[in-house]
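Reviewing the structure listed below.
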């Protein structure tokens, strides 16, 4: 049991380090497409969490699953919101109309 936990912890640490190194080397131009792709992946994960929540049998699992679904949904919505703002920065500048004061 302890060796399995240590193996899982080692995989987690290596994947966290690898993810940090990969993301830190992404050029600024590719951040928007990368963000859109991760939002799509998070959407798939959210659907899986909802399916797992539907098969929960006890109260504790249902509660933890519901909290996970809520945080996952916030992550997906926030990611799409940030992506929309980032894409808006690449659009043409909006003309501002000055109001006349009489």
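FYI, it's all coordinate maths here, none of it is from the lab. Computed from a predicted structure; not experimentally measured. Cβ sites come from the backbone with ideal geometry, for glycine too, and all protein chains shown count toward neighbours.
So what is the relative contact order of the stretch 30-88, in percent, for Cα pairs below 8 Å that sit 6 or more residues apart? Kindly include the intermediate steps, with their values, before the conclusion.
On the way: 30 pairs, mean separation 29.7, N = 59.
It rounds to 50 percent for the stretch 30-88.
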### Hydrodynamic radius of the chain per Kirkwood, over alpha carbon pairs, in Å
17.5 Å
### Query
In whole percent, what relative contact order does the chain give with Cα contacts below 8 Å and a gap of six or more residues?
29 percent
### Task
Can you tell me the 0 to 90 degree angle between the C-alpha axis of helix 2-24 and the longest principal axis of the chain, rounded to 10?
20 degrees
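Counting pairwise Cα distances across the stretch 30-88, what percent come out greater than 13 angstrom? Don't jump to the answer; show the numbers that get you there.
Values: 1043 of 1711 pairs.
The proportion of pairs with Cα distances above 13 Å equals 61 percent.
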## Note on the structure
Rounded to the nearest 10 degrees, the helix 59-88 long axis (Cα) sits at an angle to the longest Cα principal axis of the chain of 30 degrees
### Task
Could you quote the convex hull projected area for the stretch 1-60, Cα atoms only and averaged over all directions, in nm²?
6.3 nm²
### Query
Rounded to the nearest 0.05, what FRET efficiency is calculated for residue 7 and residue 29 with R0 set to 30 Å and r the Cβ-Cβ distance?
0.20
### Query
Of 82, 64, 45, which has the largest mean-square fluctuation in a 10 Å C-alpha GNM of the chain?
64
